[in-house]
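To start, the structure itself, in structure tokens.
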Amino acid sequence: ESMEYLGRPKKTETCAEIDEVTIKDRLITGGECAADTIVREFTIYHVDSTINYCSQLIIISKPSFEHVSQPLCNYTFECTELADIKLDRNGHPHPQVTGYPFVVSAFGTHNLDSTYCNLKATYKDVIVDTVCAGSYVILRTWSISDKCYPDSILRFEQHIKIGDFTAPVVECAVGKDYCHCPIAGADVMMFSADPFDCAATIDAPMPLVKDACSDSLYIVTEVLKINRQVILNSQGKPIDTVETTVVLDTILPGESRKLAGLTFSDYYF
């Protein structure tokens, strides 16, 4: 197969027909660090019993740092993806997923997932940024050593971001604690007025929130009132209704959710 890359002997003009061609390889090893040399000898036998020779030198050098390519510098994963990918012993994305440093030779690509010739790669992970629960950044530092040059180290860095990049799912509260009257429809709640009063005192409902990565939620509630104004024509007949939205209150986390003096109307949370 190697002759597909390294060539075959070429026949020059001759009257003698070739009977047989033999190939013999002789290896001259260079040890752990010097190049190896293969002396490939071709012997050509002709039908008239004449013999010709030619030889080829094949030099196989050891890989060095300049032959090493780094994997992608940046990777991003949703926190929910960790359940579906291979993790290393630290629970971080495995290099089989994020990539190894590699060497490309004439015969293919070789990941430095183990010792390759005189090269060896190791990595160390450090969490450099914790955005919130379930979201963080891993700094992965690759160190490539060459046993032929033990005092030199080649380093690569990868940034692996694990995060929550999907917005929380928010559903309106429809629990019985807030429904003093039958629910009129989807996402609709009905409250009665206070006894002997034409206004209501209620607790603003909390939404139902689901998030993929974090339970640390910061919920702000705005209480909106819809004012409707009927437009009359010159004869005093209604021809249109104009709605305006007014923010009655903004409830921050930890603040009281009690609302008082709500008159008969439609409100949005």
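Here are the numbers for this structure:
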quantity	calculated
Within the stretch 110-140, tally of residues that are farther than 30 Å from Lys62 by Cβ and not in a strand (DSSP E or B)	2
Single residue of the stretch 185-219 satisfying the filter (aromatic (Phe, Trp, Tyr) and more than 30 Å from Ile162 (Cβ to Cβ)) that is most open to solvent (accessible area, probe 1.4 Å)	Phe196
Candidate set from the stretch 241-253 (those that are at pLDDT 90 or above and not β-branched (Val, Ile, Thr)); member that is farthest from Phe269 (Cα to Cα)	Pro253
The lone exception for Gly134 - which of (1) under 30 Å from Val209 (Cα atoms); (2) out of contact with any helix residue (DSSP H, G or I) (no Cβ under 6 Å at 6 or more places or on another chain) it fails	(2)
Subset of the stretch 133-175 (residues that are within 30 Å of Tyr268 (Cα to Cα) and either open to solvent by less than 50 Å² (accessible area, probe 1.4 Å) or touching a residue at least 24 places away in the same chain (Cβ under 8 Å) (or both))	Asp164, Phe165, Thr166, Pro168, Val169, Val170, Glu171, Cys172, Ala173, Gly175
Matching residues in the stretch 115-126 - criterion: being surrounded by fewer than 17 Cβ atoms within 10 Å (Cβ to Cβ) and closer than 14 Å to Trp142 by Cβ	Lys120, Thr122, Lys124, Asp125, Val126
Members of the stretch 178-227 that are hydrophobic (A, V, I, L, M, F, W, C), part of a strand (DSSP E or B) and modelled with pLDDT under 90	Val188, Leu208, Val209, Ile226
Members of the stretch 52-101 that are open to solvent by less than 50 Å² (accessible area, probe 1.4 Å), touching a residue at least 24 places away in the same chain (Cβ under 8 Å) and assigned to a helix (DSSP H, G or I)	Cys79, Leu82, Pro95, Thr98
Any hit, the stretch 27-38, residues being charged (D, E, K, R), touching a residue at least 40 places away in the same chain (Cβ under 8 Å) and either assigned to a strand (DSSP E or B) or open to solvent by 70 Å² or more (accessible area, probe 1.4 Å) (or both)	yes
Residue list for the stretch 155-170, restricted to those being at pLDDT 85 or above and acidic (Asp, Glu)	Glu157
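The values are calculated or read from the model by the stated rules, or taken from the named source; none is laboratory data. Keep in mind that this is a model prediction, so the values were computed, not measured. Cβ sites come from the backbone with ideal geometry, for glycine too, and all protein chains shown count toward neighbours. Keep in mind that these areas ignore ligands, DNA and RNA; they rest on the heavy atoms of the full protein, side chains included. Shrake-Rupley method; radii C 1.70, N 1.55, O 1.52, S 1.80 Å.
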